[in-house]
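Notes for the one structure printed next.
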Amino acid sequence: MGNSPGKSFREGLSFMEVADMFSDEDKAREWIAENRWPDGPYCPKCGSFNVQSNIKHKSMTHRCRDCYNGKSRTMFSIKTGTVMEGSNLKYRAWAIGIYMFMTNIKGVSSTHLRRELKCSQKAAWFMMHRLRKVFETDAGPFSGPVEVDESFFGGKVRNMSNAKRRERKKAGLAQGPSGKTVVVGMKDRESGKVTAKVVQKTDAGTLQGFIADHVDEDAKVYTDEAKAYKGMPFDHEAVNHSVSEYVREQAHTNGIESHWAMMKRSHEGIYHKMSPKHLQRYCDEFSGRHGLRNQDTIDQMKGTVAGMVGKRLLYRELVADNGLSNGLASDKKTG
């Protein structure tokens, strides 16, 4: 093991080490099972630990001895009740996919992933969005001090088709510079965690409401000079970027701005496109990974498996309302 990307004190995993860990399907399945069920397998329907394992079935490897639906005992697999449910990808593909998702700090595109896993781009794209689902949580409350800032993503409205313009208007998306989609985010200096949200407006009600939802009432809040932040019921200081003031003693927003910089490098160099429809998922990905950045790689991977439990993303939900038949086109070159 060596150092992980970004933090010298972290213990990393090389790709060769991961290949040895998951050298066959059985090893990958056992590792995922251990972290999905740290206390042993239990029924996802009733929660009973009275289960029969190693069932000879094509996909359902466990049977609950306490559940009965009138015809048969409930059968399930390691994937049941997680974001992996319904996936035809092998456990080895999932284990390596998790490793790539957690160790590529700028993200991994579906075109890259499908080459490594030797699967279709559709399957790789779906896997990445399923893994983003793991980090779909409402962070906070943060104790502070917190830094709050907005950022803007997407193409310029003047370069969009009329159909795209109508779509944005119908969705009520906030209009940032040149019509880009607005995201507001905050970083807690104490915990180092980040949360971000796509918003439809940048008025006081929206931005101050976001802050109120995620910080303790006695937290110190730092922002820029935007009028929407004025009059907040918090201990608030602002730096005036319009006159080139970026740091004043403890007052600055450098931490959250660094987070935006990482997302934008990923946007430009890895994903190429983050559609307004899926932008929140990308925000969740980067906020979630940021919160785990001090952990060793193996712990990040274990935490990701544990976070899969109780979450589900259906493909039809993912591609709904994109006006396209294959789902890939809304983020065609992306993960």
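So the values come out like this:
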read-out: Cα centroid separation - segment 52-78 against segment 84-111, whole Å; value: 27
read-out: Fully extended contour minus Cα-Cα distance, from Phe49 to His112, at 0.36 nm per residue; value: 18.7 nm
read-out: Additional length obtainable on full extension of the chain from Ser59 to Ser23, 0.36 nm per residue less Cα span; value: 10.9 nm
read-out: Separation of the Arg73 and Ser244 label points, Cα + 7 Å toward Cβ, nm; value: 7.5
read-out: Distance in nm between pseudo-label sites at Lys201 and Asn254 (7 Å out along the Cβ direction from Cα); value: 3.5
read-out: Cut-off 12 Å between beta-carbons: net charge of the residues surrounding Gln52, Lys and Arg +1, Asp and Glu -1; value: +3
read-out: Surrounding net charge for Tyr246, when Lys and Arg each add one and Asp and Glu each subtract one, Cβ distance under 10 Å; value: -2
read-out: Across Lys27/Lys106; Lys45/Lys79; Lys45/Lys302, pairs whose alpha-carbon gap is larger than 21 Å; value: Lys27/Lys106; Lys45/Lys302
read-out: Theoretical gain in end-to-end length, Asp66 to Phe15 [0.36 nm per residue, Cα-Cα removed]; value: 14.2 nm
read-out: Per-peptide average of other Cβ atoms within 10 Å, ordering 44-52, 98-106 highest first; value: 98-106, 44-52
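Any read-out appearing in this document is the output of simple, stated calculations on the displayed coordinates, not a laboratory observation. Fair warning: this is a prediction, and the values are worked out from it, not measured in the lab. FYI the Cβ positions are ideal-geometry reconstructions off the backbone, even for glycines, and counts take in every protein chain you see.
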